[in-house]
Amino acid sequence: MALRINEAIEKKRSGKYNCAQAIACTYCDFAGMNEEEIKNAANAFGVGMGNMTGTCGALVGAGLILGLKNKERPKTMKEMKQIMERFMKRNGTVTCSELKGVQTKTPLRQCNDCVADAAEFLEEILDNQ
């Protein structure tokens, strides 16, 4: 599935997708939705949820896919926690403003890299199901 990581990055890079949409649209087949539907569903989750720089949108997109695929809350919560813990370990935070360095003026991670990380960790979960 490595090509999907690149696909997610390219979607984000195009400027036509926010971070959540880039992930959700790349893996929409796992959710049983078409790209347009899931892109609309993920509209509000970019730039850290509603442009408020909270939880990284790429992580929210991954959670959206897991929830729609699993249709089972405990399993989805467990898998999402795994993704978030790995993301936190790699990047030091899951918060968009901290990743972007809003207050420190020193970004920890670029958005495209956050999308790549979320895609990588999501793929590992999906590959093991």
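The values are calculated or read from the model by the stated rules, or taken from the named source; none is laboratory data. Model, not experiment: these values are computed from the prediction. FYI the Cβ positions are ideal-geometry reconstructions off the backbone, even for glycines, and counts take in every protein chain you see. Side chains included, ligands, DNA and RNA excluded: accessible areas come from the protein's heavy atoms. Shrake-Rupley method; radii C 1.70, N 1.55, O 1.52, S 1.80 Å.
In region 1-30, of all residues being within 14 Å of the chain's Cα centre (by Cα) and small (Gly, Ala, Ser), the one that is farthest from Leu99 (Cα to Cα) corresponds to Ala24. Scan region 50-66 for residues that are within 16 Å of Phe30 (Cβ to Cβ) and open to solvent by 10 Å² or more (accessible area, probe 1.4 Å) and the total you get is 3. Residue count for region 86-118, restricted to those that are within 20 Å of Gly46 (Cα to Cα), without any contact (Cβ under 8 Å) to a residue 40 or more places away in the chain and touching a Phe, Trp or Tyr at 6+ places or on another chain (Cβ under 9 Å): 3. Of all the numbered requirements in (1) touching a residue at least 24 places away in the same chain (Cβ under 8 Å); (2) surrounded by fewer than 18 Cβ atoms within 10 Å (Cβ to Cβ), Ile38 misses one, and that requirement is (2). Is there a residue being farther than 16 Å from Asn18 by Cα, not polar (S, T, N, Q) and not in a loop (DSSP other than H, G, I, E, B) anywhere in region 101-108? Checked region 101-108: no residue is farther than 16 Å from Asn18 by Cα, not polar (S, T, N, Q) and not in a loop (DSSP other than H, G, I, E, B). Restricting attention to region 21-75, the residues that are over 18 Å from Cys111 (Cβ atoms), in a loop (DSSP other than H, G, I, E, B) and of a type outside the set (Gly, Ala, Ser) add up to 4.
Table: residues versus (1) closer than 20 Å to Leu3 by Cα; (2) touching a Leu at 6+ places or on another chain (Cβ under 8 Å); (3) loosely packed, with under 14 Cβ neighbours inside 10 Å.
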{"residue": "Gln21", "(1), (2), (3)": "yes, no, no"}
{"residue": "Cys25", "(1), (2), (3)": "yes, no, no"}
{"residue": "Leu68", "(1), (2), (3)": "no, no, no"}
{"residue": "Thr93", "(1), (2), (3)": "no, yes, no"}
{"residue": "Ser97", "(1), (2), (3)": "no, no, no"}
{"residue": "Gly101", "(1), (2), (3)": "no, yes, yes"}
{"residue": "Arg109", "(1), (2), (3)": "no, yes, no"}
